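The values are calculated or read from the model by the stated rules, or taken from the named source; none is laboratory data. Remember, it's a predicted structure, so these values are computed and weren't measured experimentally. In this analysis, Cβ positions are derived from the backbone assuming ideal geometry, glycine residues included, and neighbour counts consider all displayed protein chains. Just so you know, the surface numbers come from the protein's heavy atoms only, side chains and all, with ligands and any DNA or RNA stripped out. Shrake-Rupley method; radii C 1.70, N 1.55, O 1.52, S 1.80 Å.
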Amino acid sequence: MTTTTATRTEYCIVACAEAWRGDGEILASPMGPVPSAGARLARLTFAPELLLTDGEALLIDAYGEVEGWLPYHRHLAMVAGGRRHVMMGASQIDRHGNQNISCVGDWARPARQLLGVRGAPVNTLNNPTSYWVPRHSPRVFVERVDMVCGVGYDRAAEAGPSASRFHDIRRVVSDLGVFDFDTPDRGMRVRSLHPGVTLAEVRAATAFDLAAADEVPHTRDPTPEELRLIREVLT
């Protein structure tokens, strides 16, 4: 029998799933185990039109069964056309959603070399984008990223319509809560806190000022069916 007490990880999976709510028939591109479980959970529950990929050349269902063929050139066409919602990681992210996955320190002589820019600029300029951060800390939620890979709202606006036309950072999910950019200046806002997390705890783990309502709601509870799927099907 599935217990109704959810773990922090299960709250994070549900919060990631919610990022794809209302997207319709669009390719989900989650990066990492928790976002991947979230995308599959969304497909199994409230987003049956969602398309999933094995990360290579196949379309799959939430159980991993092959549904179709998606060669690389078709995948790139979907990226360019915006029919994709990607959830990337972030080694650093700032108040306006600029993301860094390339290096820590001066880019000309970095203290740490990371993944590299990869597809982050195109993802953020052409597709709805969300982020998953497994450990919320001031080292990740920084005042200013050391190198811009994913483009934030301030830089997209500065670059003009060519950059901002399809720019859409939906939300950031961390192990402490859910965040969005629904503020007048497109600064990061606390959307919800995971149960047991306080606003003071989140502020202490963030190196910039976060917008927040006087009363911040908790991240929604997983339903009993969602818990069953997470525990018996997805993990």
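Just to be sure I understand, how many residues within the stretch 191-204 are touching a residue at least 24 places away in the same chain (Cβ under 8 Å), part of a loop (DSSP other than H, G, I, E, B) and more than 20 Å from the chain's Cα centre (by Cα)?
Selection size over the stretch 191-204: 1.
Looking at Ala37, Ala42, Ala6 in this structure, which one is open to solvent by less than 40 Å² (accessible area, probe 1.4 Å), over 21 Å from Gly89 (Cα atoms) and at pLDDT 95 or above?
Values: Ala37 fails: over 21 Å from Gly89 (Cα atoms); Ala42 fails: over 21 Å from Gly89 (Cα atoms).
Step by step, each of Ala37, Ala42, Ala6 is checked, and only Ala6 is open to solvent by less than 40 Å² (accessible area, probe 1.4 Å), over 21 Å from Gly89 (Cα atoms) and at pLDDT 95 or above.
What tally of residues in the stretch 136-161 results from selecting those that are within 12 Å of Leu125 (Cα to Cα) and either hydrophobic (A, V, I, L, M, F, W, C) or buried (at least 21 other Cβ atoms within 10 Å of the Cβ) (or both)? Please lay out each step first, then the result.
Residues of the stretch 136-161 that are within 12 Å of Leu125 (Cα to Cα), as a first pass: 149-153, 155-157, 159-161.
Among the residues that remain, those that are also either hydrophobic (A, V, I, L, M, F, W, C) or buried (at least 21 other Cβ atoms within 10 Å of the Cβ) (or both) are: 149-153, 156-157, 159.
Total meeting the criteria: 8.
What are the residue pairs meeting all of these: first residue in the stretch 46-72, first residue in contact (Cβ under 8 Å) with a residue 60 or more places away in the chain, second residue among the β-branched types (Val, Ile, Thr) and surrounded by fewer than 16 Cβ atoms within 10 Å (Cβ to Cβ), Cβ atoms under 8 Å, and 6 or more apart or on different chains?
Ala62/Val233; Tyr63/Val233
With respect to the numbered conditions (1) of a type outside the set (Val, Ile, Thr); (2) under 14 Å from the mean Cα position of the chain (by Cα); (3) surrounded by 20 or more Cβ atoms within 10 Å (Cβ to Cβ), which one is the sole condition not fulfilled by Leu125?
Result: Leu125 passes all but (2).
Please verify whether the stretch 93-115 includes one or more residues that are at pLDDT below 90, surrounded by 13 or more Cβ atoms within 10 Å (Cβ to Cβ), under 27 Å from Glu158 (Cβ atoms) and aliphatic (A, V, I, L, M).
yes
For the stretch 214-235, enumerate the residues that are touching a residue at least 24 places away in the same chain (Cβ under 8 Å), assigned to a loop (DSSP other than H, G, I, E, B), open to solvent by 20 Å² or more (accessible area, probe 1.4 Å) and not polar (S, T, N, Q).
Listed by number, the residues that qualify are Val216, Pro217, Arg220, Asp221.
Contact list please: Cβ distance under 7 Å, first residue in the stretch 126-148 and touching a residue at least 40 places away in the same chain (Cβ under 8 Å), second residue of a type in the set (Ser, Thr, Tyr), pairs at least six apart or on different chains.
Val133/Ser174; His136/Ser174; Pro138/Thr206; Val140/Ser91; Phe141/Thr206; Met147/Ser102
Of the conditions (1) open to solvent by 20 Å² or more (accessible area, probe 1.4 Å); (2) among the β-branched types (Val, Ile, Thr); (3) under 16 Å from Asp94 (Cα atoms), Val190 satisfies every one except a single condition; which number is it?
If we test Val190 against (1) open to solvent by 20 Å² or more (accessible area, probe 1.4 Å); (2) among the β-branched types (Val, Ile, Thr); (3) under 16 Å from Asp94 (Cα atoms), just (1) comes out false.
All but one of (1) open to solvent by 50 Å² or more (accessible area, probe 1.4 Å); (2) over 19 Å from Val133 (Cβ atoms); (3) under 20 Å from the mean Cα position of the chain (by Cα); (4) at pLDDT 95 or above hold for Asp182, so report the exception by its number.
Result: Asp182 passes all but (2).
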